[in-house]
């Protein structure tokens, strides 16, 4: 079974220290300063500092090279790729949509993808990436 985590960053803020938020339908948890806003179908929508996070089943797992090629089609001004022990992460900047993040990780035999986009501040994209890296199997 494969899952996607989509991180959509907005200017909405939920101040506070990060805490563990369980996404029970998916069997994972994430560290964010905020909590679950609502569920829509198989997806969770979370509010965090400077971000709105959407978690849903994955549809297209990629290798790091495929992900870089996919992001390259949007002509980013900046693209930083990082290999992770259980996947990969890309942070990018585009002229029209701002800063974003795509990260894909395998947890408990399932693939999760984290996306954020339309971020005015680079710090918001970095924050989203940090949150995505805390994703783990629920305890």
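Looking across region 64-109, the residues that are within 22 Å of residue 42 (Cβ to Cβ) and assigned to a strand (DSSP E or B) come down to 87, 101, 102, 103, 104, 105, 106, 107.
From the list 48, 83, the one residue that fits, being surrounded by 14 or more Cβ atoms within 10 Å (Cβ to Cβ) and either closer than 29 Å to residue 19 by Cβ or touching a residue at least 24 places away in the same chain (Cβ under 8 Å) (or both), is 48. When every residue of region 38-61 is checked against the conditions, none turns out to be touching a helix residue (DSSP H, G or I) at 6+ places or on another chain (Cβ under 7 Å) and modelled with pLDDT of 90 or more. Looking only at region 103-139, which residues are in contact with a helix residue (DSSP H, G or I) (Cβ under 9 Å, 6 or more places away or on another chain), under 12 Å from residue 86 (Cβ atoms) and surrounded by fewer than 24 Cβ atoms within 10 Å (Cβ to Cβ)? Matches in region 103-139: 105 only.
Can you find even one residue in region 123-130 that is over 24 Å from residue 17 (Cα atoms) and out of contact with any strand residue (DSSP E or B) (no Cβ under 8 Å at 6 or more places or on another chain)? No, because not a single residue in region 123-130 is over 24 Å from residue 17 (Cα atoms) and out of contact with any strand residue (DSSP E or B) (no Cβ under 8 Å at 6 or more places or on another chain). Taking residue 90 as the residue in question, decide whether it is modelled with pLDDT of 90 or more, under 17 Å from residue 124 (Cα atoms), surrounded by 20 or more Cβ atoms within 10 Å (Cβ to Cβ) and in contact with a helix residue (DSSP H, G or I) (Cβ under 9 Å, 6 or more places away or on another chain). Spelling it out, residue 90 is indeed modelled with pLDDT of 90 or more, under 17 Å from residue 124 (Cα atoms), surrounded by 20 or more Cβ atoms within 10 Å (Cβ to Cβ) and in contact with a helix residue (DSSP H, G or I) (Cβ under 9 Å, 6 or more places away or on another chain). Scan region 110-139 for residues that are part of a strand (DSSP E or B) and over 14 Å from the mean Cα position of the chain (by Cα) and jot them down. Across region 110-139, the qualifying residues are 110, 137.
The values are calculated or read from the model by the stated rules, or taken from the named source; none is laboratory data. Remember, it's a predicted structure, so these values are computed and weren't measured experimentally. Cβ coordinates were reconstructed from backbone atoms using ideal geometry, including for glycine residues, and neighbour counts include every protein chain displayed.
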